[in-house]
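Notes to accompany the following structure.
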Amino acid sequence: MSPVFPMLTVLSMFYYMCLRRRARTATRGEMNSRRAIESNTRALPINVEIVQYAKEVLDFSSHYGSENSMSYTMWNLAGIPNVYPSSGDFTQTAVFRTYGTWWDHCPSARLPFKRTPPTFCSQDYVELAFEEPVYPTAVHILETYHPGAVVRILACSANPYSQNPPAEVRWEILWSEAPTKVNGPQARQFTPCIKQINFPTNLIRLEVNSSLLDYYTELDAVVLHGVKERPVLSLKTSMIDMNDIDEDEDEEKYGCGMDNLNKQLSIVTLREWPTNGYFDKLPYELIQLILSHLTVPDLCRLAQTCKLLYQHCCDPLQYIHLSLQPYWARINDTSLEYLQSRCTLVQWLNLSWTGNRGAISVSGFSRFLKVCGSELVRLELSCGHFLNETCLEVITEMCPNLQELNLSSCDKIPPQAFNHIAKVGSLKRLILYRTKVEQTALLSILNFCSELQHLSLGSCVMIEDYDLIASMMGAKCKKLRSLDLWRCKNITESGIAELASGCQLLEELDLGWCPTLQSSTGCFTNLARKLPNLQKLFLTANRSVCDTDIEELAANCTRLRQLDILGTRMVSPASLRKLLESCKDLSLLDVSFCSQIDNRVVLELNANFPNVFIKKSFTQ
């Protein structure tokens with residue numbers, strides 16, 4: 001026999017072993033790779049590719065626009081492009097609420113949770129439904145201004161148009177990458193290389209991180225390419241990444257699905273060892289300190305090694321601050337049940353984005369809080385669409401020490417449910433952005449929660465009289481430091497006067513897109529004179545802001561760090577120079593669409609005040 005044949009046999013066996021490890025559920029010609037194999041991989045031509053734009057926007061965490069408008073809202077992502085391939089700032093695009101790191105450097109900024117895995121950096125999301133479920137072959141994202149915010153693309157096994165809810169909802173990451181800085185704000189079509197999945201989908205989720213952007217990112221449309229039948233990959237693969245094999249081996253061992261996470265949480269069978277090595281010689285506190293740097297899944301894995309480490313990994317002191325948001329796709333009632341015994345001392349709890357599509361039930365959430373709520377100080381529930389009145393009632397009864405409550409974008413909570421929040425008199429921070437809170441409930445909250453320091457009422461469209469709300473704040477909330485009234489439609493100079501007189505500790509005030517405020521009434525000069533501690537003031541899209549207002553800010557608010565006067569026609573370069581000379585700590589000045597401030601003026605101001613980020617947006 002020729003010596004060539006044994007060599008071929010060895011190579012064939014190696015190739016077979018690599019394929020098995022590369023795709024543990026594969027059959028001949030199929031591989032469920034962790035990431036797409038990039039070289040010489042092609043789908044056999046058994047399907048016709050379907051190309052479709054998003055039919056509907058199902059859910060999102062925030063947007064720049066109003067709840068009663070289409071301008072700058074996530075709903076613009078449905079359908080064909082409105083702007084692409086043009087570049088610039090257009091109202092017909094989808095825009096999230098924040099960008100950059102400015103929001104992390106203002107008085108209302110919250111401390112981050114420890115133990116957040118480095119691979120999770122998402123700040124916002126939007127979920128899109130398509131007409132036909134397909135096996136995705138490509139996703140095109142049309143970005144028209146300041147691209148580069150998208151950091152994850154996910155696909156869901158649930159069909160939002162199906163009459164029968166699935167027994168299990170699976171999410172698979174099609175593509176993921178850390179935030180990157182893109183040179184230039186110009187439009188682009190973003191088409192990352194996506195992973196192949198083993199189920200058809202018509203529900204795509206984009207997650208974004210805008211921290212590296214110089215301005216708001218704008219998205220125009222999303223195109224999903226796919227085939228109806230599961231594609232079969234050819235075996236003509238010239239290279240197999242050994243690093244991928246290792247990662248898949250880890251994935252097989254530990255699992256990334258919801259069932260595997262729950263198994264890790266509930267593991268009780270431990271290996272028996274005669275000794276614990278050097279760990280027996282370490283003080284208990286030192287081991288606790290070492291383990292405090294591990295993520296929750298890593299703690300679950302380590303708990304399976306021996307009884308000593310199991311004891312440490314299940315110690316409630318390891319779960320004082322617990323964020324489950326990075327694992328939102330895997331958290332359900334079973335997960336919360338397994339965590340109960342470990343979370344009896346939890347003080348900070350982040351369940352944002354979790355529990356949707358039936359993953360967490362009202363009873364499961366209630367059982368968890370009844371065991372783990374007594375020590376809670378901070379509770380993050382942003383975009384928790386499973387929440388209802390019963391949940392808020394349980395929160396107020398089981399969390400007597402609660403100081404911070406985030407219900408941002410919990411738009412499924414009925415208006416009457418918010419009355420329960422008034423029972424938590426210890427609240428210092430309350431975020432009700434994009435909720436259905438009504439005036440009666442909010443007045444009750446303000447009356448009984450006099451310790452409030454931070455309050456967000458942005459885009460709360462069901463409040464009828466913001467002047468009455470502002471008057472109650474001025475009378476009852478003397479400790480208020482930050483207030484978000486973004487897109488409040490009916491506050492007037494009367495409410496601003498009451499607010500400024502009663503809440504003189506205010507350091508941050510967002511009055512962006514409040515059309516009923518007019519500079520001619522003296523409301524802005526009154527603010528400047530009554531609130532000398534202001535560090536952030538947003539007067540976005542108020543066309544009436546004038547030189548007098550800017551000069552009053554320069555004279556009275558010398559601690560100012562962030563000022564947004566986008567869209568005013570009545571501010572001159574001379575008043576801006578006075579402001580910049582007086583406010584030495586100013587770091588952000590948005591003068592986009594200010595008709596008297598052209599690019600030449602911006603260049604001059606940038607040269608004279610290099611420590612200030614002066615933003616001038618444009619439309620082509």
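The values are calculated or read from the model by the stated rules, or taken from the named source; none is laboratory data. The structure displayed is predicted, hence computed values, not measured ones. Please note: Cβ atoms are built from the backbone with ideal geometry, for glycine as well, and neighbour counts cover all protein chains shown. We work out accessible area using only protein heavy atoms, side chains counted, and drop any ligands, DNA or RNA first. Shrake-Rupley method; radii C 1.70, N 1.55, O 1.52, S 1.80 Å.
Leu351 meets each of the listed conditions (1) within 16 Å of Pro112 (Cα to Cα); (2) open to solvent by less than 30 Å² (accessible area, probe 1.4 Å); (3) in contact (Cβ under 8 Å) with a residue 60 or more places away in the chain apart from (3).
Please verify whether segment 538-556 includes one or more residues that are assigned to a loop (DSSP other than H, G, I, E, B), farther than 15 Å from Asn526 by Cβ and touching a helix residue (DSSP H, G or I) at 6+ places or on another chain (Cβ under 7 Å). Among the residues of segment 538-556, not one is assigned to a loop (DSSP other than H, G, I, E, B), farther than 15 Å from Asn526 by Cβ and touching a helix residue (DSSP H, G or I) at 6+ places or on another chain (Cβ under 7 Å), which makes the answer no. There is at least one residue in segment 119-142 that is of a type outside the set (A, V, I, L, M, F, W, C), touching a residue at least 24 places away in the same chain (Cβ under 8 Å) and touching a Pro at 6+ places or on another chain (Cβ under 6 Å).
Do we have any residue at all in segment 590-599 that's open to solvent by less than 70 Å² (accessible area, probe 1.4 Å) and in contact (Cβ under 8 Å) with a residue 40 or more places away in the chain? Scanning segment 590-599 turns up at least one residue that is open to solvent by less than 70 Å² (accessible area, probe 1.4 Å) and in contact (Cβ under 8 Å) with a residue 40 or more places away in the chain. Restricting Ala422, Ala417 to residues that are of a type in the set (A, V, I, L, M), closer than 22 Å to Leu443 by Cα and open to solvent by 10 Å² or more (accessible area, probe 1.4 Å) narrows the list to Ala422. Looking across segment 146-188, the residues that are aliphatic (A, V, I, L, M), touching a residue at least 40 places away in the same chain (Cβ under 8 Å) and part of a strand (DSSP E or B) come down to Val150, Val151, Ile153, Leu154, Ala155. Against the numbered list (1) open to solvent by less than 30 Å² (accessible area, probe 1.4 Å); (2) closer than 26 Å to Lys615 by Cα, Cys121 comes up short only at (1).
One residue stands out in segment 173-193 among those that are among the hydrophobic types (A, V, I, L, M, F, W, C), under 22 Å from the mean Cα position of the chain (by Cα) and crowded, with 16+ Cβ neighbours inside 10 Å: the one that is modelled with the lowest pLDDT, namely Val182.
Across segment 539-584, the number of residues qualifying as among the charged types (D, E, K, R), open to solvent by 10 Å² or more (accessible area, probe 1.4 Å) and more than 23 Å from Tyr216 (Cα to Cα) comes to 8. Restricted to segment 321-360, and to residues there that are within 21 Å of Glu172 (Cα to Cα) and of a type in the set (Ser, Thr, Tyr), the residue that is nearest to the chain's Cα centre (by Cα) is Ser352. Being open to solvent by 20 Å² or more (accessible area, probe 1.4 Å), assigned to a helix (DSSP H, G or I) and touching a Lys or Arg at 6+ places or on another chain (Cβ under 9 Å) is the filter; apply it to segment 302-325 and report the residue that is farthest from Ile360 (Cα to Cα). Applying the filter and picking the extreme gives Lys307. All told, Glu131 meets the bar of being surrounded by fewer than 17 Cβ atoms within 10 Å (Cβ to Cβ) and part of a strand (DSSP E or B).
So which of Asn159, Asn164 is open to solvent by 40 Å² or more (accessible area, probe 1.4 Å) and modelled with pLDDT of 95 or more?
Only one candidate qualifies: Asn159.
Take Asp598 and decide whether it is among the acidic types (Asp, Glu) and within 29 Å of the chain's Cα centre (by Cα). No: the conditions fail for Asp598. Taking the criterion of being outside the structural domain of Ala541 (by the TED database), open to solvent by less than 10 Å² (accessible area, probe 1.4 Å), part of a helix (DSSP H, G or I) and of a type in the set (A, V, I, L, M, F, W, C), the residues of segment 454-507 that qualify are Ile469, Ala470, Met473.
Counting only residues that are outside any helix (DSSP H, G or I) and open to solvent by 50 Å² or more (accessible area, probe 1.4 Å), how many does segment 517-529 have? Show your work before the answer.
Pass one, segment 517-529, residues outside any helix (DSSP H, G or I): 517-518, 522.
Filter again for open to solvent by 50 Å² or more (accessible area, probe 1.4 Å), leaving 518.
Total meeting the criteria: 1.
Mind checking which residues of segment 388-401 are surrounded by fewer than 22 Cβ atoms within 10 Å (Cβ to Cβ) and of a type in the set (A, V, I, L, M)? The answer is Val394, Met398.
The sole residue among Leu505, Leu511, Leu517 that is over 21 Å from Ala109 (Cα atoms) and among the aliphatic types (A, V, I, L, M) is Leu517.
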